[in-house]
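**Student:** Attaching a single structure in structure tokens format; questions to follow.
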Amino acid sequence: MYLKLSVLFAALFFASCATNAPECGGPQSKNLAAAIDGTQTSLINGCHAHFDRYYDDLLSIAEGDPKPENKQAFSEFLVWSSDQGLLSKRQAQDYYNRYFNVKFMSMKGDYNNCSHTCPNKQRVLFNMERELSEKERGLLNISLDSESYYRADQLYQEVELVLEATCTACSAGS
């Protein structure tokens, strides 16, 4: 009798734990504003560990209906995320800039190119190339901002040339 009662209580306990877990499915709407609303609700209700997946889902939804206003929608979503304590202000800026700004997050920071960037030149360029594809997604495919995307592409090519020249000069000076 005691064993049956213990098993029953254990089953009830585990069942109640399972029902308390938040539902962290992706956005159900193909409308960006509605998807953002649903994502915000999920994030507030305990799904904050899924932020990256939600952000990628929102990017995919926005690709289905590209327009210039999408930049503002993502900006407001990231400000909200920072205000809610889900991201720091710097993290929110990094998310936005990685997709919607010509500035490269991979190349940020003030450091000596000879001692820091040149030894890691291939990794830096690889990260910038990956970020350029993210900018293509955000600037071209989501917000239809071809002018900014082509400016980012031009900056990438300029950095590639400058790094090559700088690293050659650094090698000669050593």
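The values are calculated or read from the model by the stated rules, or taken from the named source; none is laboratory data. Because the structure is predicted, anything quoted here is derived from the model rather than measured. Note that we place each Cβ from the backbone using ideal geometry, even for glycine, and neighbour counts take in every protein chain shown. Remember, those area values only see protein heavy atoms, side chains included, never the ligands or the DNA or RNA. Shrake-Rupley method; radii C 1.70, N 1.55, O 1.52, S 1.80 Å.
**Student:** With the requirement that a residue be open to solvent by less than 40 Å² (accessible area, probe 1.4 Å) and within 19 Å of Ile44 (Cβ to Cβ), what does region 87-105 give you?
**Tutor:** Leu87, Ala92
**Student:** Within region 31-73, restricting attention to residues that are under 17 Å from Ser143 (Cα atoms) and of a type in the set (S, T, N, Q), which residue is most open to solvent (accessible area, probe 1.4 Å)?
**Tutor:** Among them, the one singled out is Gln72.
**Student:** Sticking with this one: Within the bounds of region 76-86, is there any residue that is open to solvent by less than 70 Å² (accessible area, probe 1.4 Å), assigned to a helix (DSSP H, G or I), modelled with pLDDT under 95 and out of contact with any Ser or Thr (no Cβ under 6 Å at 6 or more places or on another chain)?
**Tutor:** no
**Student:** Is there a residue in region 48-71 that is farther than 20 Å from Ser29 by Cα and assigned to a helix (DSSP H, G or I)?
**Tutor:** In the first step, residues of region 48-71 are kept if they are farther than 20 Å from Ser29 by Cα; the result is 49.
Checking which are assigned to a helix (DSSP H, G or I) leaves us with 49.
Yes; the residues of region 48-71 include at least one that is farther than 20 Å from Ser29 by Cα and assigned to a helix (DSSP H, G or I).
**Student:** Among the residues of region 31-86, count how many are among the hydrophobic types (A, V, I, L, M, F, W, C), over 17 Å from Lys135 (Cα atoms) and within 14 Å of the chain's Cα centre (by Cα).
**Tutor:** The total comes to 5.
**Student:** Could you check region 19-30 and list, in sequence order, the residues that are surrounded by 13 or more Cβ atoms within 10 Å (Cβ to Cβ) and over 19 Å from the mean Cα position of the chain (by Cα)?
**Tutor:** Pro22, Ser29 - these are the residues of region 19-30 that are surrounded by 13 or more Cβ atoms within 10 Å (Cβ to Cβ) and over 19 Å from the mean Cα position of the chain (by Cα).
**Student:** Now, a different point. Does Ser106 fit the bill of being at pLDDT below 95, part of a helix (DSSP H, G or I) and under 17 Å from the mean Cα position of the chain (by Cα)? Please lay out each step first, then the result.
**Tutor:** Details: at pLDDT below 95: yes; part of a helix (DSSP H, G or I): yes; under 17 Å from the mean Cα position of the chain (by Cα): yes.
Considered against the rule, which asks whether it is at pLDDT below 95, part of a helix (DSSP H, G or I) and under 17 Å from the mean Cα position of the chain (by Cα), Ser106 comes out as yes.
**Student:** Can you find a residue in region 148-164 that is in contact with a Cys (Cβ under 9 Å, 6 or more places away or on another chain) and assigned to a helix (DSSP H, G or I)?
**Tutor:** yes
**Student:** A further question on this structure: In region 114-159, which residue that is open to solvent by 80 Å² or more (accessible area, probe 1.4 Å) and touching a residue at least 40 places away in the same chain (Cβ under 8 Å) is nearest to the chain's Cα centre (by Cα)?
**Tutor:** Going through the qualifying residues, I end up with Leu144.
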